[in-house]
1. Search the structure for amide H atoms under 5 Å from the amide H of THR3, placed 1.01 Å from N in the peptide plane, and list their residues when 5 or more places away or on another chain.
2. Between LYS5 and ILE49, what is the label-to-label distance in nm when each label sits 7 Å out along the Cα-to-Cβ direction?
3. What pairs in LYS5/LYS59; LYS12/LYS54; LYS59/LYS98; LYS12/LYS98 have C-alpha atoms more than 20 Å from each other?
4. Which of rounded, prolate or oblate describes segment 1-71 when judged by the alpha-carbon gyration tensor and an a/c cut-off of 1.5?
5. Hey, can you rank 11-22, 47-58, 67-78, 26-37 by average C-beta count inside 10 Å, highest first?
6. Got a sec to turn the phi values of segment 55-63 into Karplus ³J(HN,Hα) couplings, 6.51 cos²θ - 1.76 cosθ + 1.60 with θ = phi - 60°, whole Hz, x for Gly and Pro?
Amino acid sequence: MFTAKKLLWVPKEHGQSWDGAYFRDTILRQQVIPFLRDSSNVLDTNEVIFLHDKAPCMKANATQHLLEDENVNFWGNSIWPGNSPDMNPAENIGAIIKDK
């Protein structure tokens, strides 16, 4: 995940699966949401929009509700275009970093 100011790298452990509960409890609650609320990481905490790639753990209703409950602005499932590599620059950045 990245903002105009910083990169938050959340690597998967080898063989680890991100199911909905793990993604919500470990990734979102412990890492992503605090990162987005920290003004040293973003230009304006009120203008942050969390974009996801429609992976099952991200598009799960419980995940969408968590983001709503935490007042995180995000593109919901109805807005996000399917299979759009142009809309997911994190994967391209991740590949570049991994190669280095």
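Where a number appears in this text, it was derived from the coordinates with a stated rule and is not lab data. Computed from a predicted model, the values in this text were never measured in an experiment. Cβ: placed from backbone, ideal geometry, glycine included. Neighbour counts: every protein chain shown.
1. LEU8
2. Placing both labels 7 Å along Cα→Cβ, they lie 2.0 nm apart.
3. Working: LYS5/LYS59 26 Å; LYS12/LYS54 17 Å; LYS59/LYS98 26 Å; LYS12/LYS98 12 Å.
As for pairs spanning more than 20 Å Cα to Cα, those are LYS5/LYS59; LYS59/LYS98.
4. On the way: a/c = 2.08, a/b = 1.37, b/c = 1.52.
It is oblate, given that a/c is not under 1.5 and a/b is not larger than b/c.
5. Working: 11-22: 10.1, 47-58: 14.8, 67-78: 13.0, 26-37: 16.6.
Packing order, densest peptide first, comes out as 26-37, 47-58, 67-78, 11-22.
6. Working through the residues one at a time gives 4, x, 5, 8, 8, 4, 4, 5, 5 Hz.
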